[in-house]
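Here the structure comes first, spelled out in structure tokens, and everything after it is commentary.
The values are calculated or read from the model by the stated rules, or taken from the named source; none is laboratory data. In this text the structure is predicted, and so the values were computed from the model without any measurement. Neighbour counts are summed over all protein chains in view; Cβ atoms, including those assigned to glycine, are modelled from backbone coordinates with ideal geometry.
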Ligand SMILES: [Zn+2]
């Protein structure tokens, strides 16, 4: 039985990002029950009466962007401490503030603010890692966005028995299962954040429950040198020894890798998230994206948190990222079209979501964005991929849909009260600034 068409998105040029990179001019996308029913090309199309429709004339239509690594709950810390190296930034500013503020309402509002920013700049799926992640999952659900919410774990003093840790995880996954577009994940913080025995238990738990593991990997040269000194092998090789690469796993950063590490990650088709702006801002280095992809790893773009970026605009991220790969490897080694793949279908693959999202194809979820080509920076138009990567920014996104639902139309948010979120964030900001000033005096 044919399902009813609930919505028609029409009039733009669709970059489907399917296997053939099909481009459909004068696109007409029919959507039913939240999924794409059909994509066709009809010049002079006018929507039939009685069917809801969305005009995307003068726009590029493409699958919603995938943010492979972020910490949305930190969004209220945007700009509180800048221009500092990673360890000073974390230990003297971010960690003390998180200890004082890190509660559910802080995470919930930070996540709402982040979802607002992401939906306004074309992100429809994000892969998150933070504390109180059930509050982030609920906020994502409320905002209508798609998310993988990774409850993080950082073993500080070993006070908690592992049975207690996993009881909490059981509860977390039960809570998150209530939200249809949100998937739970395990997010052990890093190689140095957990003991070997707990890492092994995490892997066994993930395997039993078929869960994605999301972690930080080789973010700084300092981290890698210390691990090699303590354990005799690189983080990548150590993780191999405990079986991490046999799991569904996505790793953020991967800045400091040897040739052997790159081959190992490639051979295991590990999902790697390239966070160029955060890595540059914290002075950590450049992920070897071109070599990793050549060896078989699956690459996604990520923003990391607003505290180290300081925005969640993936169209700015892809601009920076593509250019620094040119700087590292030579011009054209990562082309604009390859970068757009990383923002969409390859990003989805890195999260093991490629059957659901990442391209505009029949039967996939209708996560669609329309990027306006009306700005002077988009004239003239020769190559749409070039404009997306090098000219457009998130501010050019006109419409955003997730699961066939219009969440932003003509830049107006349809599901949330934008001003209310911004006002509450501003009030929290005053409180956080006072607290930060107190910590700096102490
Ligand atoms: Zn991170």
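Restrict the check to the stretch 375-394 and report whether at least one residue is outside the structural domain of residue 149 (by TED's automatic domain parsing), in contact (Cβ under 8 Å) with a residue 24 or more places away in the chain and at positive phi. Scanning the stretch 375-394 turns up no residue that is outside the structural domain of residue 149 (by TED's automatic domain parsing), in contact (Cβ under 8 Å) with a residue 24 or more places away in the chain and at positive phi. Looking across the stretch 71-83, just one residue is within 13 Å of the ligand (Cβ to nearest atom) and out of contact with any helix residue (DSSP H, G or I) (no Cβ under 7 Å at 6 or more places or on another chain), and that is 71. Only a single item in (1) under 19 Å from residue 154 (Cβ atoms); (2) in contact with a helix residue (DSSP H, G or I) (Cβ under 6 Å, 6 or more places away or on another chain); (3) buried (at least 22 other Cβ atoms within 10 Å of the Cβ) is not met by residue 274, and it is number (1). If you go through the stretch 419-442 and keep only what is surrounded by 15 or more Cβ atoms within 10 Å (Cβ to Cβ) and farther than 27 Å from residue 91 by Cβ, you end up with 421, 424.
Within the stretch 129-156, the set of residues being in contact (Cβ under 8 Å) with a residue 60 or more places away in the chain, in contact with a helix residue (DSSP H, G or I) (Cβ under 6 Å, 6 or more places away or on another chain) and within 23 Å of residue 90 (Cα to Cα) comprises 135, 136. Where strands (runs of 3 or more DSSP E) fall wholly inside the stretch 3-55, the ranges with 2 or more residues that are more than 28 Å from residue 180 (Cα to Cα) are 35-41.
With the requirement that a residue be within 15 Å of the ligand (Cβ to nearest atom) and not in a strand (DSSP E or B), what does the stretch 112-136 give you?
Just the residues of the stretch 112-136 that are within 15 Å of the ligand (Cβ to nearest atom), to begin with: 114, 126-131, 133, 136.
Result: 114, 131, 133, 136.
I want to confirm something. Restricting to the stretch 204-223 and keeping residues that are out of contact with any strand residue (DSSP E or B) (no Cβ under 6 Å at 6 or more places or on another chain) and modelled with pLDDT of 95 or more, which single residue is farthest from the ligand (Cβ to nearest atom)? Within the stretch 204-223, the match that is farthest from the ligand (Cβ to nearest atom) is 208.
Taking only the stretch 269-296 into account, find how many residues are within 20 Å of residue 349 (Cβ to Cβ) and either within 16 Å of the ligand (Cβ to nearest atom) or free of Cβ contacts under 8 Å to residues at least 24 places away in the same chain (or both). Talk me through it step by step, then tell me what you get.
Taking the stretch 269-296 as the starting set, the residues that turn out to be within 20 Å of residue 349 (Cβ to Cβ) are 269-276, 287-296.
From what is left, the residues that are either within 16 Å of the ligand (Cβ to nearest atom) or free of Cβ contacts under 8 Å to residues at least 24 places away in the same chain (or both) are 271-276, 287.
Within the stretch 269-296, residues that are within 20 Å of residue 349 (Cβ to Cβ) and either within 16 Å of the ligand (Cβ to nearest atom) or free of Cβ contacts under 8 Å to residues at least 24 places away in the same chain (or both) number 7.
Number of residues in the stretch 329-344 that are surrounded by fewer than 24 Cβ atoms within 10 Å (Cβ to Cβ) and either touching a residue at least 60 places away in the same chain (Cβ under 8 Å) or within 16 Å of the ligand (Cβ to nearest atom) (or both) equals 2.
Based on what the data block shows, is residue 155 at pLDDT below 95, assigned to a loop (DSSP other than H, G, I, E, B) and buried (at least 17 other Cβ atoms within 10 Å of the Cβ)? Yes: the conditions hold for residue 155. For residues in the stretch 256-268 being outside any helix (DSSP H, G or I) and away from the ligand (no atom under 16 Å from the Cβ), which is farthest from the chain's Cα centre (by Cα)? Per the stated criteria, the residue is 258. Residues that are at negative phi, assigned to a loop (DSSP other than H, G, I, E, B) and within 13 Å of the ligand (Cβ to nearest atom) within the stretch 297-311 comprise 302, 303, 305, 309, listed in sequence order. Being out of contact with any helix residue (DSSP H, G or I) (no Cβ under 8 Å at 6 or more places or on another chain) and crowded, with 23+ Cβ neighbours inside 10 Å is the requirement here; does residue 326 meet it? For residue 326, the condition - out of contact with any helix residue (DSSP H, G or I) (no Cβ under 8 Å at 6 or more places or on another chain) and crowded, with 23+ Cβ neighbours inside 10 Å - is not met. The combined condition, being crowded, with 21+ Cβ neighbours inside 10 Å, touching a residue at least 24 places away in the same chain (Cβ under 8 Å), more than 16 Å from the ligand (Cβ to nearest atom) and in a loop (DSSP other than H, G, I, E, B), is not fulfilled by residue 315.
Tallying residues that are assigned to a loop (DSSP other than H, G, I, E, B) and closer than 21 Å to residue 154 by Cβ within the stretch 213-239 yields 3.
Screening residue 139 against (1) in a helix (DSSP H, G or I); (2) touching a strand residue (DSSP E or B) at 6+ places or on another chain (Cβ under 6 Å); (3) closer than 30 Å to residue 399 by Cβ leaves a single unmet condition, (2). Specify the residue that is nearest to the chain's Cα centre (by Cα); the eligible residues are those in the stretch 107-129 that are surrounded by 24 or more Cβ atoms within 10 Å (Cβ to Cβ) and farther than 23 Å from residue 406 by Cβ. So, considering only residues that are surrounded by 24 or more Cβ atoms within 10 Å (Cβ to Cβ) and farther than 23 Å from residue 406 by Cβ, the one nearest to the chain's Cα centre (by Cα) is 127.
Output yes when any residue across the stretch 246-255 is part of a loop (DSSP other than H, G, I, E, B) and within 16 Å of the ligand (Cβ to nearest atom), and no when none is.
If we filter the stretch 246-255 for residues that are part of a loop (DSSP other than H, G, I, E, B), which is where we start, we get 247-248, 254-255.
Still in the list and also within 16 Å of the ligand (Cβ to nearest atom): 254-255.
Scanning the stretch 246-255, I find at least one residue that is part of a loop (DSSP other than H, G, I, E, B) and within 16 Å of the ligand (Cβ to nearest atom), so the answer is yes.
Of note, residue 56 does not satisfy the criterion of being within 16 Å of the ligand (Cβ to nearest atom), touching a residue at least 40 places away in the same chain (Cβ under 8 Å) and touching a strand residue (DSSP E or B) at 6+ places or on another chain (Cβ under 8 Å). On inspection, residue 21 passes the criterion of being in contact with a helix residue (DSSP H, G or I) (Cβ under 8 Å, 6 or more places away or on another chain) and either at pLDDT below 95 or surrounded by fewer than 18 Cβ atoms within 10 Å (Cβ to Cβ) (or both).
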